[in-house]
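The values are calculated or read from the model by the stated rules, or taken from the named source; none is laboratory data. None of the values given here were measured: they were computed from a predicted structure. With ideal geometry, Cβ positions are generated from the backbone for all residues, glycine too; neighbour counts draw on all protein chains shown. Just the protein is used for accessible areas: all its heavy atoms, side chains included, with ligands, DNA and RNA removed. Shrake-Rupley method; radii C 1.70, N 1.55, O 1.52, S 1.80 Å.
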Amino acid sequence: EKKQKELRADYFPEKLIEFAKDNLKTVVRLEKVFEEIIRTKGSLSLPDLDPSVRRYVSILAKEHYYLDICSYGGRHGQKAITDVYYKDENSLAPATLLSEYVKLINRGDYGRVL
């Protein structure tokens, strides 16, 4: 079985951490979606994501789960669609999920993940 990526102190960028602090429920749902995509080697469409949310979805999917992402539509009355899909055997969940990291920070335990 593949070894999960180890967490470094600077693993998650500050902007992503701040987004997760403000949108923890959304991040938890995204993590579950990304894990399901990896488990099934599949894909999922996320319609009508706010552009500010789409930016963080892209960072999390590409840089921390090694998934591919494609956004299209959203012009001339079309729905904006963001597709997230399995890339290859390097696609896997980080050892410490962003939501877990934020929960540790909120409790003051973030030193344990350094």
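Can you give me the % of accessible surface on the chain that is carbon or sulfur? Probe 1.4 Å, all protein chains present, nothing else counted.
Reported share for carbon and sulfur atoms: 48 percent.
Where a ≥ b ≥ c are the square roots of the eigenvalues of the C-alpha gyration tensor, would you call the chain rounded, which needs a/c under 1.5, or, failing that, prolate if a/b is larger than b/c, or oblate?
It is oblate, given that a/c is not under 1.5 and a/b is not larger than b/c.
With +1 on each Lys and Arg Cβ and -1 on each Asp and Glu Cβ, and nothing else charged, work out how big the dipole of the chain is about its Cα centre, in Debye to the nearest 20.
It works out to roughly 120 debye.
Under the definition of Cα pairs under 8 Å and six or more residues apart, what whole-number percent is the relative contact order of the chain?
36
Dipole of the stretch 9-94 (Lys/Arg Cβ +1, Asp/Glu Cβ -1, origin at the Cα centre): which of Ile38, Val53, Phe12 lies farthest to the positive side?
Selected residue: Val53.
Sorting check: for 80-90, 45-55, which peptide has the highest mean count of neighbouring beta carbons within 10 Å, and how do the rest follow?
So the order, starting with the most tightly packed, is 80-90, 45-55.
List the residues of the stretch 61-78 whose backbone N lies under 15 Å from a point placed 7 Å from the Cα of Leu44 along the Cα-to-Cβ direction.
Flagged as within label range: 61-62, 65-70.
Is the stretch 19-82 best put as rounded, prolate or oblate by its Cα gyration tensor, with a ≥ b ≥ c the root eigenvalues, rounded for a/c under 1.5, and otherwise prolate when a/b is larger than b/c, oblate when not?
Oblate.
With the other protein chains left in place, how much accessible area per residue, in square angstrom, belongs to the chain at a 1.4 angstrom probe?
63
Any of Lys15/Lys62; Lys25/Lys62; Lys15/Lys41 with alpha carbons more than 25 Å apart? Name them for me.
Lys15/Lys41
Run the numbers on the stretch 48-99 and let me know its relative contact order in percent, using alpha-carbon pairs under 8 Å that are six or more apart.
35
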